[in-house]
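Please read the structure below before turning to the comments.
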Amino acid sequence: MTAAMWVRSAMAYRASFAMMTIGNVCMTTMDFLIIAVMFHHTRSLGGWDFHQVAFLYATSSFAIGLADMLVGSIDRLGERIRLGSFDSMLVRPAPALAQMAADHFALRRIGRPVQATLILLWSLSGLRVDWTWDRVLMVPMLLLCGTAIFIALFVAGSCFQFWAADAAEVQNSFTFGGGTMLQYPPTVFTRELVAGAVFGIPLAFVNWLPALHILGMPDPLHLPEALRFASPLVAALTLAVAGLLWRCGLRAYRSTGS
């Protein structure tokens with residue numbers, strides 16, 4: 001209901017909503033233009049051509065963009081804790097996590113997934129790939145699981161604010177920072193960083209590992225091929241861990257004392 005209220009509020013000023021959404025599309029397009037400028041001077045980046053890197057960019061941008069639209073408002077948790085307004089959410093007959101996700105729901109953020117979808121369609125049209133049934137099915141699975149992993153990271157990162165109330169930037173370093181990293185091939189990063197994105201914070205399962213199978217690219221870490229299909233399992237595990245962290249944060253919450 002809260003999200004619907006914010007949507008109705010945004011649509012009450014349709015011209016303003018349209019301009020803000022278009023502005024969102026233009027701002028996110030600047031990220032892709034940086035990649036395009038790189039390929040104006042080179043034919044490959046870490047062994048990946050322009051359409052392959054565009055595929056990484058689009059899948060990463062879509063996943064984090066949709067996750068940001070659905071639960072991005074949760075980074076306001078620290079502010080609500082400081083002001084004491086989080087208490088009101090705990091006494092309402094609705095899960096506090098759902099209320100935080102719907103708080104100041106911004107439909108204009110749909111601009112980023114829309115822009116990413118256009119780039120994705122363009123990249124798919126230029127990929128030299130043998131489109132077997134498993135590769136075809138893996139594309140929507142990649143988008144769905146990538147979004148779920150980023151949602152889990154948004155929630156898990158916000159839980160840190162139960163103990164450090166002004167720590168939204170810590171969350172952003174793993175969400176938006178991770179999303180930017182995933183726009184580039186894993187071969188341009190050190191093996192240690194790539195390993196950390198596989199066995200530490202599982203960002204590699206958003207698009208890197210599934211893309212290796214879809215695009216037929218070699219794995220810089222020479223990992224078992226089964227990991228390229230593990231995104232659904234990883235998404236489920238990260239969501240479960242994020243849920244447990246949220247419950248721990250709620251139990252540790254001591255209100256404002258007023």
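Quick one: is L120 of a type outside the set (S, T, N, Q), part of a helix (DSSP H, G or I), out of contact with any helix residue (DSSP H, G or I) (no Cβ under 7 Å at 6 or more places or on another chain) and surrounded by 13 or more Cβ atoms within 10 Å (Cβ to Cβ)?
The answer is no for L120.
Can you tell me which condition R92 does not meet? The list is (1) modelled with pLDDT under 85; (2) touching a helix residue (DSSP H, G or I) at 6+ places or on another chain (Cβ under 8 Å); (3) assigned to a helix (DSSP H, G or I), and all the others hold.
It is condition (3) that R92 fails.
Got a number for residues in segment 33-65 being buried (at least 20 other Cβ atoms within 10 Å of the Cβ) and in a helix (DSSP H, G or I)?
If we filter segment 33-65 for residues that are buried (at least 20 other Cβ atoms within 10 Å of the Cβ), which is where we start, we get 48, 52-65.
Now restrict to residues that are in a helix (DSSP H, G or I): 52-65.
Residues in segment 33-65 being buried (at least 20 other Cβ atoms within 10 Å of the Cβ) and in a helix (DSSP H, G or I): 14 in total.
Pick out, from segment 191-258, the helices (runs of 4 or more DSSP H) lying fully within it that include 2 or more residues that are closer than 20 Å to A98 by Cβ and without any contact (Cβ under 8 Å) to a residue 24 or more places away in the chain.
Details: elements: 191-199, 208-215, 231-252.
Helices (runs of 4 or more DSSP H) meeting the threshold: 231-252.
Confirm whether T42 is modelled with pLDDT of 80 or more, β-branched (V, I, T) and within 14 Å of L182 (Cβ to Cβ).
Values: modelled with pLDDT of 80 or more: yes; β-branched (V, I, T): yes; within 14 Å of L182 (Cβ to Cβ): no.
So T42 does not fit the description; no.
The values are calculated or read from the model by the stated rules, or taken from the named source; none is laboratory data. Quick caveat, the model's predicted, so the values are computed rather than measured. So basically every Cβ, Gly included, is an ideal-geometry build from the backbone, and we count neighbours across all protein chains shown.
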